[in-house]
Number of protein chains: 2
Amino acid sequence: MQLKKYRKKAQSFLVEGTKSVLELLQGSFEVTHLVATEPFLMQNEEVAAKLSDKLDIVTEKQLNAMSALKTNQSVLAVVRCRSNEPLGLNENEYAIALDQISDPGNLGTIIRTADWYGIYKLICSQDCADLYHPKVVHSSMGSFTRVQVYYTDLHSFLEEYPVVYGAALKGENVHTTKFGNGGILLIGNETRGISANLEELISKKVSIPRLGGAESLNAAIATAVMCDNIFRITPEQSPGLL
Amino acid sequence: MQLKKYRKKAQSFLVEGTKSVLELLQGSFEVTHLVATEPFLMQNEEVAAKLSDKLDIVTEKQLNAMSALKTNQSVLAVVRCRSNEPLGLNENEYAIALDQISDPGNLGTIIRTADWYGIYKLICSQDCADLYHPKVVHSSMGSFTRVQVYYTDLHSFLEEYPVVYGAALKGENVHTTKFGNGGILLIGNETRGISANLEELISKKVSIPRLGGAESLNAAIATAVMCDNIFRITPEQSPGLL
């Protein structure tokens, strides 16, 4: 189940680690199987009670043999994949669109960051990393349970929305950009940036000021800095605060 | 050389990938060996000329067999490690101190981010990931050639500096914090945060406002958002700009 083709066939994916599994059980994903060690179940009795008919008790050694992560784990869940469904967006909210984010660690970190800033809708191009890849699930640190992700053709999708901020190298300074109440933040591929055919759909290019020698920022880092600037309190909004 | 003990013994490390190797050759690291494919050398004749006595020409297949990265590479350099030397800091500059950052990808991304914001001095606790780990070098995207890194006991180090901003969960809002002209930004471990014995050395705790459900941010993400706030133009500095 560490390979996409098996996940697709089984329509299931793995969630590993105490924190991720506990967050998972608070959300609405369907857990079809829980594999856990005895110490985990003794510490989490309500989990054992809730999922008693879906439970396999194993040793830590057996669990580690199944695990995709290298650290010692005490629990692992088999979870039903969600169907890929469009997300309704209204004009007073922000969503993030990802163009060819191929590194699973980056996708997971972006999901975690979106969750931190209260962005719960993520639109991915078809060639982004798979949401159910073990590294995406792991690096999202439980946030995949709260952030909805929809894979689609980004060009057709973005055409429908008038406000698209594109994270780019030669745009308006993000520190002085006036962001509205909603819109889509478009983040491009780790090395190539935003695809040429999507550039025409950007309503405003926005850049993070560079003071040093690096040519670019990591895609998840750029997403976070953009989000932090979108959601900061501006002097206009709260003149007394700054 | 993918294992720390061999890197330590050989006092050398590997740099892979065209971008990283080209940036390396512009810096002051000593390259003791360059392994490259013929197509790479044809496209980079000045490299071939400069390092002709240290050159091994191999096929792409041979190179991939040596590589620690999974993608197709065309060049790999064997580079002399630098000795671990203290960095002189003056009071008008910023440096970043890392407490137990154990993930090599995070360390590399922090180095790249520091380089973007013009911070060229990084102080690591002894138990941080190894600077010369292939994943650190790779995820720094060439920035390891510009950012100096010093491993030391952080408690003794921080005691010497009066201005230490600690990235923490319950601190002053980073959006309204008035940062001075210099200081140290202290970032804690990925899961445990800043060590208890270092907390007393923080002169100001600073937090990134959270709007959503995630419990925490990735350490490299937190570093970037802090840096972006330290180096933004404040209304006081440029009243006309905002």
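The values are calculated or read from the model by the stated rules, or taken from the named source; none is laboratory data. Owing to the predicted nature of the structure, the values given are computational and were not obtained by experimental measurement. Every residue, glycine as well, gets a Cβ built from its backbone with ideal geometry; the counts of neighbours run over all protein chains shown.
Filtering B:T176, B:T152 for residues that are touching a residue at least 60 places away in the same chain (Cβ under 8 Å) and surrounded by fewer than 19 Cβ atoms within 10 Å (Cβ to Cβ) leaves a single hit, B:T152.
Within region B:129-142, the set of residues being part of a loop (DSSP other than H, G, I, E, B) and under 11 Å from the mean Cα position of the chain (by Cα) comprises B:A129, B:D130, B:L131, B:Y132, B:S140, B:M141, B:G142.
Name the residue that is surrounded by the most Cβ atoms within 10 Å (Cβ to Cβ), counting only residues in region B:179-199 that are among the charged types (D, E, K, R) and modelled with pLDDT under 95.
Among those residues, the one meeting the criterion is B:E190.
Regarding A:A95, is this residue outside any loop (DSSP other than H, G, I, E, B) and under 22 Å from A:M141 (Cβ atoms)? So A:A95 fits the description; yes.
When B:I57 is tested against (1) more than 28 Å from the chain's Cα centre (by Cα); (2) within 20 Å of B:Q11 (Cα to Cα), just one condition goes unmet, and that condition is (2). Within region B:2-17, at least one residue is under 29 Å from B:L198 (Cβ atoms) and not in a helix (DSSP H, G or I). Taking the criterion of being in a helix (DSSP H, G or I) and more than 12 Å from chain B (Cβ to nearest Cβ), the only residue of region A:98-118 that qualifies is A:L107. So is B:K121 within 14 Å of another protein chain (Cβ to nearest Cβ), surrounded by fewer than 24 Cβ atoms within 10 Å (Cβ to Cβ) and either of a type in the set (V, I, T) or closer than 21 Å to B:H155 by Cα (or both) or not? The answer is yes for B:K121.
When you scan region A:124-138, do you find a residue that is of a type outside the set (A, V, I, L, M), surrounded by fewer than 18 Cβ atoms within 10 Å (Cβ to Cβ) and without any contact (Cβ under 8 Å) to a residue 12 or more places away in the chain, even just one? No, the conditions are met nowhere in region A:124-138. Residues that are under 16 Å from B:A219 (Cβ atoms) and either aromatic (F, W, Y) or more than 14 Å from chain A (Cβ to nearest Cβ) (or both) within region B:159-183 comprise B:Y165, B:G166, B:A168, B:G171, listed in sequence order. The single residue among A:L87, A:L69 that is surrounded by 12 or more Cβ atoms within 10 Å (Cβ to Cβ), touching an Asp or Glu at 6+ places or on another chain (Cβ under 6 Å), on the phi < 0 side of the Ramachandran plot and assigned to a loop (DSSP other than H, G, I, E, B) turns out to be A:L69.
Residues that are small (G, A, S) and at pLDDT 95 or above were ranked within region B:143-170; the one that is farthest from the chain's Cα centre (by Cα) is B:S156. Of B:V79, B:V47, all but one fail to be surrounded by 16 or more Cβ atoms within 10 Å (Cβ to Cβ) and assigned to a strand (DSSP E or B); the exception is B:V79.
Entry remark, region A:194-234: residues being more than 8 Å from chain B (Cβ to nearest Cβ), part of a helix (DSSP H, G or I), of a type in the set (A, V, I, L, M) and under 24 Å from A:G182 (Cβ atoms) number 5 in total. Checked against (1) closer than 30 Å to B:L185 by Cα; (2) surrounded by fewer than 22 Cβ atoms within 10 Å (Cβ to Cβ), B:G108 meets all criteria but (2).
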